[in-house]
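A.B. asks: Below is one structure. I have some questions about it.
The values are calculated or read from the model by the stated rules, or taken from the named source; none is laboratory data. Remember, it's a predicted structure, so these values are computed and weren't measured experimentally. Ideal geometry is used to build each Cβ from the backbone, glycine not excepted, and the neighbour counts take in all protein chains shown. Ligands, DNA and RNA are stripped out before the accessible areas are found, and what is left, the full protein with its side chains, is counted by its heavy atoms. Shrake-Rupley method; radii C 1.70, N 1.55, O 1.52, S 1.80 Å.
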Amino acid sequence: MKVISGLSVDEQGRCIHYASEYDVVANQCYECRTYYACYRCHDELETHVFKAWPVSKDPQVKVILCGVCSNEMNHYQYKKNGTCPHCNQRFNSKCINHEEIYFC
């Protein structure tokens, strides 16, 4: 099972910054390759800022983790329906507001 890092992370990956029922997605930092509950947790705990994954270089790379079932997804799978393709958990639709932080 993959670990989700962050501040006060619960068993499904919610942190002190994002804790709604649907905040169960972790993103992997391109620089440190660690899954974090959010970029804010990452930036508070690491010595570098969160670096976005260049998904355009390898669209199949799995860099998103469902906190409910630990399914790893690529960018397309994550965005396709707004749900986990494995367990159907709905994700926070407002995450799109931070897409440029996580993906380039």
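A.B. asks: Take the residues in region 85-100 that are touching a strand residue (DSSP E or B) at 6+ places or on another chain (Cβ under 7 Å) and either touching a residue at least 24 places away in the same chain (Cβ under 8 Å) or aromatic (Phe, Trp, Tyr) (or both); name whichever of them is most open to solvent (accessible area, probe 1.4 Å).
C.D. replies: Only one residue tops the list, namely Arg90.
A.B. asks: Here is a check on your reading of the model: is Lys57 without any contact (Cβ under 8 Å) to a residue 24 or more places away in the chain and surrounded by 14 or more Cβ atoms within 10 Å (Cβ to Cβ)?
C.D. replies: no
A.B. asks: Being more than 17 Å from Lys2 (Cα to Cα) and either open to solvent by less than 20 Å² (accessible area, probe 1.4 Å) or assigned to a loop (DSSP other than H, G, I, E, B) (or both) is the filter here, so list the residues in region 60-76 that pass it.
C.D. replies: Gln60
A.B. asks: Something else: Can you say whether Lys79 is open to solvent by 50 Å² or more (accessible area, probe 1.4 Å) and under 17 Å from Ile101 (Cβ atoms), as far as the supplied structure shows?
C.D. replies: Against the criterion (open to solvent by 50 Å² or more (accessible area, probe 1.4 Å) and under 17 Å from Ile101 (Cβ atoms)), Lys79 qualifies.
A.B. asks: Further question: Residues in region 1-10 that are farther than 15 Å from Asn71 by Cβ and either touching a residue at least 12 places away in the same chain (Cβ under 8 Å) or of a type in the set (Asp, Glu) (or both): how many?
C.D. replies: First pass over region 1-10, keeping only residues farther than 15 Å from Asn71 by Cβ: 5-10.
Still in the running and either touching a residue at least 12 places away in the same chain (Cβ under 8 Å) or of a type in the set (Asp, Glu) (or both): 5-7, 9-10.
Total meeting the criteria: 5.
A.B. asks: Quick one: in region 18-48, which of the residues that are free of Cβ contacts under 8 Å to residues at least 60 places away in the same chain and part of a helix (DSSP H, G or I) is surrounded by the most Cβ atoms within 10 Å (Cβ to Cβ)?
C.D. replies: Per the criteria, the residue is His42.
A.B. asks: Considering (1) assigned to a loop (DSSP other than H, G, I, E, B); (2) at pLDDT 95 or above, say which one Val55 fails and leave the rest.
C.D. replies: Evaluating Val55 over (1) assigned to a loop (DSSP other than H, G, I, E, B); (2) at pLDDT 95 or above leaves (2) as the failure.
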